[in-house]
Every structure is written in C-alpha cells, then in structure tokens.
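Novice: Next up is a structure, given as structure tokens.
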Amino acid sequence: MSTSSRKLDHVRICLERQVESRWTPFDDIMLVHKALPEIDEASINTRCRFLGKEMKAPFLICAMTGGHPETREINVNLAKAAQEVGVALGIGSQRAALEDPRQIETFSAVRDAAPDVPIIGNIGAPQLRKLGGEAVDYLAEMVGADAVAVHLNFLQESIQPEGDRDASGVLEALKTIASGKTAIIVKETGAGISMEVARDVLRSGVKTIDISGMGGTSWSGVEAYRAEMIGDLGSKDLGELFWSWGVPTPVSIVECASAGAEVVASGGIRSGLDAAKSIALGASVAGAALPFLKPATMGSAEVAFTLQSYIRALRTCMFLTGSRDLSNLKRAPTVILGRCREILEQRGLDTRKFSTYRERAK
Ligand SMILES: Cc1cc2nc3c(=O)[nH]c(=O)nc-3n(C[C@H](O)[C@H](O)[C@H](O)COP(=O)(O)O)c2cc1C
C-alpha cells in the first residue's frame, strides 16, 4: 500500500471511529482557583513567541495531513484558521511528497493560506535515517516552514503490519541535523517522551520537544482498526493490547521540562483548560490534532471557531488563577493528583516542587 493511500485510511478512521485513549490523565491536574484574582479580564495577555514569530495565543494545530489530493483542502482550512486566529500549524508527514512530487502542493498550499504564523514541516524518524541531513532543509523549503518536526512513532510502527521497526541510528541522524540551518523539533505521536529520552534528545543538540503524550489519539488504536479492515487479526489484537500505552501527557510535560527542554504539550489536549494546565506544568505551547480534523473537513470558519473556544477557556483559566500573562500562568499554583502524581513520585520527581524543574529549564 502506498504512503498516500495509507494516509487517507488514517484520516477516515480518525473521523469515523473512537480512536482515543481510555484514560484522560488531565483529570489528575487541578489549577487552584483564586477567588480574588485582582485583575481585569480584559487586560489578560495571551501573546507569546514561538519559533521566532509572534503568536496571539500559545497554541498549535498539530501535524495531521497532506500527501493525498483529498487532504489539500483539510490543510488549507487549518492554515486559514491558524492565520486568522494567530496560532502555529504543523503539517503531516511529508514522506508522501518525497515519494511523489505531485503531492507537494497538498502541503505547500498552507504557506499561501497562512503567510505569518509559524509552520512546522514533518518527517518520520525511520525516513530521516535513510534520507540524511540535506533532506530536512528541502522539506522546510517545500512549505516555507519555520522548523521541521521529526516524529517518533515506534508504537504505531510496531502495530502496523508493514511497519518499519528498525529504530537504530536515529540519535546519530538527529545530531547531524541539529547543527544544520533548519530548526528541529523532536515529536512523539501519542505515546509521550520520558525524561531519559528528553536528555538524549537534548544531548543531540535539539532543544524543543513536542511530547505528544498518552491521553488523546491512540495510534495503536488506529492501527488496530486498520488491521481489522484488512483481516490481520494478530495485528488487531496487538493494537488493542497497546491501546493506552505510553507516558501520560501531564507526566511527560513535567519529565521533559525537568530535563531542560522547551516543551510543546500535545496528546489529549481537549480544551483551553487542558492547555492552561499544560502551561502551568511547564509547557511553552500546547497543541491538539484530532479535535481539528472534523472541523477542517467542513471549513476554515469551523476550525477558527474551535480554536477560539480553546482560547476563551485559556483566558478564563488565566482570569480565575489571577494570571495576567503566560509567565504568571506558569507560576499558578497547581495540584497533581492520582496516577499522575504516583507515576511522577515513582520516577523520583517531587510533585510539590515541580515548579523548580521549570525554573531550571529556562
Ligand atoms: C489524522 C491524524 C494524522 C496524523 N498524522 C501525523 C503525521 O503525519 N505526523 C505526525 O508527526 N503526527 C501525526 N499525527 C499525530 C498528531 O500530530 C498528535 O501528535 C497526536 O494525534 C496526539 O494529539 P491529539 O490527541 O490531539 O490527536 C496525526 C494525528 C491525526 C489525528
């Protein structure tokens, strides 16, 4: 099966089936309500800088698609909304465009629709090893990207019948590209990044990590559905077994911030409240993929509406924690409960002092 038609299968499954994790770890995180916020809500400032550009809010539409003619419109709708609202946009893996140059336009159309916001290109770690350093600059030029994300998806590759399960040499490849002219982000795809991996990534020279933790879209789940469709029952069972595998998003944020990374939080961020919690835990920017997919099949106004509802909830959170701007929100009192707390404590991170990890990350 070609990369292009596999991509379309993924989009269809994500639109039609229940593909999310069976656990919502953000329930374990509580921002402490400030009954006397002593600020005017109208004066709250959500602006920030990301990848050298100004954004109106610390938000990213995460990598999803491109690479098939039917996905061009999805990308353009996402891009128009990102431009209108003033937030960043990731595109899906550009592998299909490398294999078939006719697909380039399904990605490059985003820069025309979103001339001013940060755009992030995308390629998988297994492909990066084979392609070498110069390919990353080419991918960035293809879409006028401000950075290229190298995605780690070895959970998905493990379930996919045709998956690429040779993960050796990725760190070496990262070292080669980290010193090049294109900014690099290392990104998971729904199974999260631990502090040990964050340290390896930082040692390679890459500073920004999109943790994409467990709690949202399950790529093990998506591949289980795909395996069922093609009658591969062994892969279907494996996909179901690993459905909720990974480092939960809030845990991964704290772990990667404690390692000193600039953290992009994604994986199960389903509201501006989750985005605010992520920032209070140590992320600089929060993002989501799945919640924007259906709106993007409808139009850019639907995507912009979803983005605005995230931003409204983020502002509400900032008001109710007395946070005038994002640096105040980063210091907002936050409580970590339940399984997230237990995991962090077992991992040797003191949950009462996690703000000190954030300070160290600066
Ligand atoms: C339809 C779809 C396609 C995706 N394709 C890619 C991709 O090509 N490259 C990538 O890095 N991540 C891809 N992702 C993963 C997302 O960027 C994100 O890391 C993950 O879905 C978790 O976020 P969520 O829970 O908000 O969906 C895709 C996600 C969806 C829903």
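The values are calculated or read from the model by the stated rules, or taken from the named source; none is laboratory data. Keep in mind it's a predicted model, so treat the numbers as computed, not measured. Methodologically, a virtual Cβ is constructed for each residue, glycine included, from the backbone with ideal geometry; neighbour enumeration extends over all protein chains shown.
Novice: Is there any pair linking a residue in the stretch 146-172 that is more than 17 Å from Ala198 (Cβ to Cβ) and within 14 Å of the ligand (Cβ to nearest atom) to one that is among the basic types (Lys, Arg) and in a loop (DSSP other than H, G, I, E, B), with Cβ under 6 Å and at least six apart or on different chains, and which?
Specialist: Every condition considered, the pairs that remain are Glu157/Arg165.
Novice: Go through (1) surrounded by fewer than 17 Cβ atoms within 10 Å (Cβ to Cβ); (2) more than 17 Å from Ala259 (Cβ to Cβ); (3) acidic (Asp, Glu) for Glu196 and report which single condition fails.
Specialist: Unmet condition: (2).
Novice: Please verify whether Lys236 is closer than 27 Å to Thr334 by Cα, modelled with pLDDT of 95 or more and surrounded by fewer than 23 Cβ atoms within 10 Å (Cβ to Cβ), treating the condition exactly as stated.
Specialist: no
Novice: Kindly check whether there is at least one residue in the stretch 188-205 that is in a strand (DSSP E or B) and within 12 Å of the ligand (Cβ to nearest atom).
Specialist: So far as the stretch 188-205 goes, yes, one or more of its residues are in a strand (DSSP E or B) and within 12 Å of the ligand (Cβ to nearest atom).
Novice: If you take the residues in the stretch 206-217 that are outside any strand (DSSP E or B) and within 10 Å of the ligand (Cβ to nearest atom), which one is nearest to Cys14 (Cα to Cα)?
Specialist: Among them, the one singled out is Gly216.
Novice: Name the residue that is farthest from the ligand (Cβ to nearest atom), counting only residues in the stretch 73-101 that are part of a loop (DSSP other than H, G, I, E, B) and buried (at least 22 other Cβ atoms within 10 Å of the Cβ).
Specialist: Out of the qualifying residues, it is Val87.
Novice: Looking only at the stretch 300-322, decide whether some residue is buried (at least 20 other Cβ atoms within 10 Å of the Cβ), modelled with pLDDT of 95 or more and within 12 Å of the ligand (Cβ to nearest atom).
Specialist: Checking the stretch 300-322: at least one residue is buried (at least 20 other Cβ atoms within 10 Å of the Cβ), modelled with pLDDT of 95 or more and within 12 Å of the ligand (Cβ to nearest atom).
Novice: Within the stretch 222-276, which residues are more than 13 Å from the ligand (Cβ to nearest atom), among the small types (Gly, Ala, Ser) and assigned to a helix (DSSP H, G or I)?
Specialist: Hits for the stretch 222-276 are Ala224, Ala227, Gly234, Ser235, Gly239, Ala257, Ser258, Ala259, Gly272, Ala276.
Novice: Separate question: Where residues in the stretch 277-296 are within 14 Å of the ligand (Cβ to nearest atom) and part of a helix (DSSP H, G or I), which of them is surrounded by the fewest Cβ atoms within 10 Å (Cβ to Cβ)? Steps first, answer last, please.
Specialist: As a first pass, look at the stretch 277-296 and keep what is within 14 Å of the ligand (Cβ to nearest atom): 278, 283, 285-296.
Filter once more, so that each one left must be part of a helix (DSSP H, G or I): 278, 290-296.
Numbers: Ser278: 28, Leu290: 19, Pro291: 20, Phe292: 24, Leu293: 19, Lys294: 13, Pro295: 20, Ala296: 25.
Looking at the filtered set, the residue picked out is Lys294.
Novice: Sticking with this structure for a sec: Can you name the condition, by its number, that Pro126 falls short on among (1) in contact with a helix residue (DSSP H, G or I) (Cβ under 6 Å, 6 or more places away or on another chain); (2) closer than 21 Å to Trp219 by Cβ; (3) of a type outside the set (D, E, K, R); (4) at pLDDT below 95?
Specialist: The failed condition is (1).
Novice: Moving to a separate point now. When residues of the stretch 88-129 are filtered for being aliphatic (A, V, I, L, M) and under 24 Å from Val201 (Cβ atoms), how many remain?
Specialist: Residues in the stretch 88-129 being aliphatic (A, V, I, L, M) and under 24 Å from Val201 (Cβ atoms): 9 in total.
Novice: When the stretch 152-182 is examined, which residues are found to be outside any helix (DSSP H, G or I), among the hydroxyl-bearing types (Ser, Thr, Tyr) and within 21 Å of the chain's Cα centre (by Cα)?
Specialist: Taking the stretch 152-182 first, the residues outside any helix (DSSP H, G or I) are 152-153, 160-169, 179-182.
Now drop any that are not among the hydroxyl-bearing types (Ser, Thr, Tyr), which leaves 168, 179, 182.
Hit for the stretch 152-182 is Thr182, nothing else.
Novice: What's the number of the only condition in (1) crowded, with 16+ Cβ neighbours inside 10 Å; (2) within 11 Å of the ligand (Cβ to nearest atom) that Arg12 fails to meet?
Specialist: (1)
Novice: With the checklist (1) within 19 Å of the chain's Cα centre (by Cα); (2) of a type in the set (D, E, K, R); (3) crowded, with 18+ Cβ neighbours inside 10 Å in hand, flag the one item Arg49 doesn't pass.
Specialist: (3)
Novice: Which residues, taken from the stretch 19-52, are within 13 Å of the ligand (Cβ to nearest atom) and at pLDDT 95 or above?
Specialist: Hits for the stretch 19-52 are Val19, Glu20, Ser21, Thr24, Pro25, Phe26.
Novice: Further question on the same structure: Given (1) farther than 26 Å from Ile336 by Cα; (2) modelled with pLDDT of 95 or more; (3) buried (at least 21 other Cβ atoms within 10 Å of the Cβ), identify the lone condition not met by Cys62.
Specialist: With (1) farther than 26 Å from Ile336 by Cα; (2) modelled with pLDDT of 95 or more; (3) buried (at least 21 other Cβ atoms within 10 Å of the Cβ) applied to Cys62, the lone miss is (1).
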